[in-house]
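Read through the structure below, which is laid out as structure tokens, and then see the notes.
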Amino acid sequence: MAEFTIALRVAEAAGGTVDTVVALRGVRKSFNVGTPIETEVLRGIDLTLRKGEFCAVMGPSGSGKSTLLNIVGLLDRPTAGRLAVCGEETTALDERALTRLRGHNIGFVFQYHHLLTAFTALENVMMPMLGAAGFPNDAMRQRAAGLIDSVGLAPWRDNLAGNMSGGQQQRVAVARALAMNPALLLADEPTGNLDTKSADGVFELLRRFNREHGTSVLFVAHNAALAARCDKTIKVVDGELTG
């Protein structure tokens, strides 16, 4: 473990800069381990994502794309292998440390927006900050309002999320994912439930924040046209990277 962390930091420090946001080495993931139905979903994944990279993840259904994102997002642990996020080796971290690392460094946008429909757009965007601080304050409200404005929803700031269109709700979800100014944004088919125009708008939002703030993005997509607009594409087939 120590050797992996040291090697990672030495590689990053070449030229005096640290820019590796995610590093996976030999990551494997199996479910139902030790039972007759044990299934290996990821088979020795090696992946490096650097600061500011916008990377598409493609592959057929059931290939392991979402499992890969869950592991990178610290929502699940690998069965074997090593993972570092923002320069921190995660293998030995307990759940509290993983939650802290995830909360301060990773934003999530899913295919379904997962907004609290009884709360306003502004209140939804404030949720990650409220979870970190424990109580609301003016700085949170100003940050949330600025993010709502930046995704083009200023007139809907105080609307209940349940009264917004699908495209608007997904824009709120993008703003919420950016509330903590994360180094890494994980997007699991965020345009899958949207029409072409709304999907393009959400993609361009992610791309704009990536370029303006240097946010690294892993973007799971079935849409080859959107993937072609990313910096690079990796393909997951039967639990292995093929490109």
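Evaluate segment 154-172: report whether one residue or more is in contact (Cβ under 8 Å) with a residue 24 or more places away in the chain, among the hydrophobic types (A, V, I, L, M, F, W, C), in contact with a Pro (Cβ under 9 Å, 6 or more places away or on another chain) and part of a helix (DSSP H, G or I).
no
Cβ-Cβ below 9 Å, separation at least six or inter-chain, first residue in segment 53-66 and within 13 Å of T242 (Cβ to Cβ), second among the hydroxyl-bearing types (S, T, Y): which pairs?
Between residues of segment 53-66 that are within 13 Å of T242 (Cβ to Cβ) and residues that are among the hydroxyl-bearing types (S, T, Y), the close pairs are V57/T233; M58/T233; G59/T242.
Read through the list (1) farther than 13 Å from G239 by Cβ; (2) touching a Ser or Thr at 6+ places or on another chain (Cβ under 9 Å); (3) modelled with pLDDT of 90 or more, then give the number of the only condition that G59 fails.
Result: G59 fails condition (1) only.
Search segment 98-125 for residues that are farther than 20 Å from A139 by Cβ and among the hydrophobic types (A, V, I, L, M, F, W, C) and pair each with any residue that is open to solvent by 70 Å² or more (accessible area, probe 1.4 Å) and part of a helix (DSSP H, G or I) when their beta-carbon atoms are under 8 Å apart and the residues are at least 6 apart or on different chains.
What qualifies is L116/E123.
Could you grab me the full set of residues in segment 126-153 that are assigned to a helix (DSSP H, G or I) and either of a type in the set (G, A, S) or touching a residue at least 40 places away in the same chain (Cβ under 8 Å) (or both)?
We begin by selecting, within segment 126-153, every residue assigned to a helix (DSSP H, G or I); these are 126-133, 138-150.
The answer is M126, M127, P128, M129, G131, A132, A133, A139, A144, A145, G146, S150.
Of the residues L75, L49, which is within 14 Å of the chain's Cα centre (by Cα), among the hydrophobic types (A, V, I, L, M, F, W, C) and open to solvent by 30 Å² or more (accessible area, probe 1.4 Å)? Please lay out each step first, then the result.
Working: L49 fails: open to solvent by 30 Å² or more (accessible area, probe 1.4 Å).
Unique residue meeting the criteria: L75.
Can you confirm whether segment 87-106 contains a residue that is among the β-branched types (V, I, T) and open to solvent by 20 Å² or more (accessible area, probe 1.4 Å)?
Within segment 87-106, the first condition is being among the β-branched types (V, I, T), and the residues that meet it are 90-91, 99, 106.
Now narrow it down to the ones that are open to solvent by 20 Å² or more (accessible area, probe 1.4 Å): 91, 99.
For segment 87-106, residues among the β-branched types (V, I, T) and open to solvent by 20 Å² or more (accessible area, probe 1.4 Å): present.
The values are calculated or read from the model by the stated rules, or taken from the named source; none is laboratory data. Since the structure is predicted, the reported quantities are computational estimates derived from the model, not experimental observations. A quick note on method: Cβ atoms are made from the backbone with ideal geometry, for glycine too, and the neighbour counts reach across all protein chains shown. The protein model used for the area step is the full one, side chains on, heavy atoms only, and it has no ligands, DNA or RNA in it. Shrake-Rupley method; radii C 1.70, N 1.55, O 1.52, S 1.80 Å.
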